[in-house]
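The values are calculated or read from the model by the stated rules, or taken from the named source; none is laboratory data. Predicted model, so just to flag it, every value in this text is computed and none were measured. Using ideal geometry, Cβ is built from the backbone for each residue, glycine included, and neighbour counts are taken over all protein chains shown.
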Amino acid sequence: MPYKDKEKQREYNRQWRIKNREHDLKRQREKHLERRLRVLKHYGNGHIVCKCCGETMIEFLALDHINGGGIKHRKLVGRGTAFYLWIIRNNYPKGYRILCHNCNQSYGFYGYCPHNKRD
């Protein structure tokens, strides 16, 4: 039963998290992965794959700001779970795509990816 006193409720929640640390961390990881997959599926139109090279391993994939500005944007809204929550709460705004970390880094550092470099 929730406490009417917010401070008592906060303390109860804090104590619960201390006593149930492993359970709480596992639940947080599961929720993070669930949100991440939801966002990636949306931007991949149901397919979770790098738009550049075709990589499909979820561990290697990232959400890319198509027009750059990712560092600045993440400073405003947060990283990781906070970023995915922002995407969901803002109804999946345009301007994002799925890239693997290698392709994403190449676009960030060089402005192109070797997979799409034209001589």
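Brief remarks follow.
- If you go through the stretch 58-90 and keep only what is over 18 Å from residue 29 (Cβ atoms) and free of Cβ contacts under 8 Å to residues at least 12 places away in the same chain, you end up with 69, 71, 72, 73, 74, 75, 76, 77, 86, 89, 90.
- Residues in the stretch 80-103 that are among the charged types (D, E, K, R) and surrounded by fewer than 11 Cβ atoms within 10 Å (Cβ to Cβ): 89, 94.
- Out of 45, 13, one residue alone is assigned to a loop (DSSP other than H, G, I, E, B) and polar (S, T, N, Q). It is 45.
- So residue 27, is it out of contact with any Gly (no Cβ under 7 Å at 6 or more places or on another chain), assigned to a helix (DSSP H, G or I), within 27 Å of residue 114 (Cβ to Cβ) and of a type outside the set (Asp, Glu): no
- Checked against the criterion of being among the β-branched types (Val, Ile, Thr) and more than 12 Å from the chain's Cα centre (by Cα), the stretch 68-90 contains one or more residues that satisfy it.
- Count of the stretch 1-48 residues, restricted to those that are within 16 Å of residue 60 (Cα to Cα) and β-branched (Val, Ile, Thr), is 2.
- Of all residues in the stretch 41-64, those satisfying the criterion of being under 12 Å from the mean Cα position of the chain (by Cα) and either of a type in the set (A, V, I, L, M) or closer than 20 Å to residue 110 by Cα (or both) are 58, 61, 62, 63, 64.
- Candidate set: the stretch 47-70, residues that are modelled with pLDDT under 90 and farther than 15 Å from residue 101 by Cβ; chosen: the one surrounded by the most Cβ atoms within 10 Å (Cβ to Cβ): 68
- Failed item in (1) surrounded by 12 or more Cβ atoms within 10 Å (Cβ to Cβ); (2) assigned to a loop (DSSP other than H, G, I, E, B), with residue 106 passing the rest: (2)
- When residue 24 is tested against (1) under 30 Å from residue 2 (Cα atoms); (2) loosely packed, with under 13 Cβ neighbours inside 10 Å; (3) over 12 Å from the mean Cα position of the chain (by Cα), just one condition goes unmet, and that condition is (2).
- Scanning the stretch 91-103 for residues that are over 13 Å from the mean Cα position of the chain (by Cα) and part of a loop (DSSP other than H, G, I, E, B) yields 91, 93, 94, 95.
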